[in-house]
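Here the structure is laid out as structure tokens; the discussion comes afterwards.
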Amino acid sequence: MSNYKLYLASLLSGIFLISIFPGFNFEILAWVSLVPLFIATRRTSPLTSLKLGFIAGFVFYSGVIYWIVIAMTKYGGIPLPIGIAVLILLSGYLAIYVSIFTYLLSLTSYPLKYILAPFLWVSLELIRSHFLTGFPWASLGYSQFKILPIIQAADITGVYGVSFIIVMVNTATASFIESIYEKDRRRFVTRYILVTAFLIITSSAYGFWKLSLFNSPLTTHHSPLKIALIQGNIEQNRKWDDSYQSEVFDAHVNLTMQASREKPDLIVWPESATPFYFQADRNFGPKMIELAKNSGSFMLFGTPGYEIKDNGVVSYNRAYLLSREGDVVGKYDKIHLVPFGEYVPLRKILFFIDKMVEGVGEYKSGEEYTIFEIRNPKSKIQNFFGTLICFEVIFPDLVRRFVKNGAEFLVNITNDGWYGKTAASSQHIAMVAFRAVENRIPVVRAANTGISGIIEPTGKIAKETDIFVATYVTGEINTGLLQKTFYTQYGDVFAYICSIVTILLILLSRYAKNNNYRTASL
């Protein structure tokens, strides 16, 4: 294959990978998205494979996280050239993982390279989820969030299991195409395809079984809990403008009073919904308490918070829970902050990036996995839930800790207004759906400007709002459905096993190559 065809094939894989995520929603292409890249790198040198992987990865991530430019320039006040430069740098960093993937495969001998591929891909996704604070956006498995039977196994493997099967199908398809021209490989390829088919059938059967359990009227649960989600749709340039404080507050109050007519047990406002320090504001703070009393519901809302410590005032991205009587019954400080959005890592080195967070403020990380409690005065039933603020919900290991600590459902409060009218909000809620499946509990999500919604334990998005509309949504969730899942209890065991297998297969391949070299020398 000529060089330009190799690069075109790599480019095609990058385009396919873009199309499988929200915004285009051609999720079916995920099952062949890597095939052009596999074909292109099957006989290339390690260096060429490295380049081809980087091209595919750079096109892929640039097309998926393009919204970073909008967030930084339109809402963050960063000049356009800098915004584009940040997108290029971040996409380049993420593309390195794809280039490592193709590079290591090119170093691995046949047939181990085909066996290695899905294990290696999952291992790299795991590293990407943790390295440099982690950025697990657009893991392959998330593309299938609408295909419910396929994603149910996430309660065992997490999203990584879905990524594994996708890569294995791609590998099987590519190896089949190769076997057409290389007949001596057909026996192995046939076995590989049979194993792949077995995994798909088994995973799908498990998925249908799980879906039938949750659709069964025999499933035991507590009495339904009614939730109201408030979506204020406040423009970013007005949110922290003092002259609009009353307007912003009143917009949420009006929606809250409308929702309260349906007598919800819990009313949820989005992240930083109150453009003031609730704990210190003498005007809006008491009004917030009075609103909780008038609504007759527990109220959860996002607000900036602070603590006075020996080294001065420490700020937090915080959520408060008010009781029906207006009492503060709990607070949660965001644990996993957004780098360059809520704080600047390595500040002494990156001193020149201070202005990027000037309008947002610099927060400190919370330390406690807070579990909130609400009680129904009629049924006397207690319900426990955890709160995830903004992009915390994209970190599966962090989320499961709340459930392991006793949360029966999860609340995600966020402000996706930073993304503008892009695919980012849809990409975000796709990841939320997996957190519901992994832990088998409902998740409710209140966003400043969408997408707000209710996600069932099967990952089905039962109710959702549009973006950039002021509205509220109410619905019932069931808690106490099943016992804690394997994933909730043990986390990313599957992904770590993949990492161990990856190392063993690479070592085995190196041993086989060295052994062949010695034999040939003799």
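Brief remarks on what is shown
- Residue 427 falls short on exactly one of the conditions (1) surrounded by fewer than 21 Cβ atoms within 10 Å (Cβ to Cβ); (2) under 26 Å from residue 274 (Cα atoms); (3) not acidic (Asp, Glu), and that condition is (1).
- Residue count for segment 7-40 satisfying the condition of being under 19 Å from the mean Cα position of the chain (by Cα), among the polar types (S, T, N, Q) and not in a loop (DSSP other than H, G, I, E, B): 1.
- Among residues of segment 458-486, those that are within 16 Å of the chain's Cα centre (by Cα) and not in a loop (DSSP other than H, G, I, E, B), counted: 1
- Any chance residue 472 is out of contact with any His (no Cβ under 9 Å at 6 or more places or on another chain) and either over 14 Å from residue 155 (Cα atoms) or surrounded by 16 or more Cβ atoms within 10 Å (Cβ to Cβ) (or both): yes
- Looking only at residues of segment 491-512 that are at pLDDT below 90 and surrounded by 13 or more Cβ atoms within 10 Å (Cβ to Cβ), we find that the one that is farthest from residue 107 (Cα to Cα) is 512.
- Picking from residues in segment 156-171 that are of a type outside the set (A, V, I, L, M) and in a helix (DSSP H, G or I), the one that is nearest to the chain's Cα centre (by Cα) is 160.
Matching residues to (1) modelled with pLDDT of 95 or more; (2) outside the structural domain of residue 156 (by TED's automatic domain parsing); (3) farther than 23 Å from residue 503 by Cα:
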residue: 56; (1), (2), (3): yes, no, yes
residue: 60; (1), (2), (3): yes, no, yes
residue: 65; (1), (2), (3): yes, no, yes
residue: 79; (1), (2), (3): no, no, yes
residue: 85; (1), (2), (3): no, no, yes
residue: 100; (1), (2), (3): yes, no, no
residue: 127; (1), (2), (3): yes, no, no
residue: 133; (1), (2), (3): no, no, yes
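- Conditions (1) outside any loop (DSSP other than H, G, I, E, B); (2) within 30 Å of residue 76 (Cβ to Cβ); number of the one not met by residue 385: (2)
- Pairs where the first residue, in segment 6-22, is within 23 Å of residue 67 (Cα to Cα) and assigned by TED's automatic domain parsing to the domain that holds residue 45 and the second is among the acidic types (Asp, Glu) and modelled with pLDDT of 95 or more, C-beta under 7 Å, 6+ apart: 20/27
- Evaluated against (1) out of contact with any Leu (no Cβ under 7 Å at 6 or more places or on another chain); (2) part of a helix (DSSP H, G or I); (3) farther than 29 Å from residue 336 by Cα, residue 110 falls short on exactly one condition, (2).
- Filter result for residue 288 (closer than 18 Å to residue 448 by Cβ and assigned to a helix (DSSP H, G or I)): yes
- Residues being surrounded by fewer than 24 Cβ atoms within 10 Å (Cβ to Cβ), among the β-branched types (Val, Ile, Thr) and in a loop (DSSP other than H, G, I, E, B) - total across segment 442-457: 1
- If you go through segment 263-285 and pick out every residue that is assigned to a loop (DSSP other than H, G, I, E, B) and under 31 Å from the mean Cα position of the chain (by Cα), you end up with 13.
- Residues (under 23 Å from residue 239 (Cα atoms) and either touching a Lys or Arg at 6+ places or on another chain (Cβ under 9 Å) or touching a residue at least 60 places away in the same chain (Cβ under 8 Å) (or both)) located in segment 289-298: 292
- Only a single criterion out of (1) more than 23 Å from residue 417 (Cα to Cα); (2) surrounded by fewer than 20 Cβ atoms within 10 Å (Cβ to Cβ) is not satisfied by residue 364, namely (1).
The values are calculated or read from the model by the stated rules, or taken from the named source; none is laboratory data. Just so it is clear, the model here is predicted, and its values are computed rather than measured. As a convention, Cβ positions derive from the backbone with ideal geometry for all residues, glycine included, and neighbour counts pool all protein chains shown.
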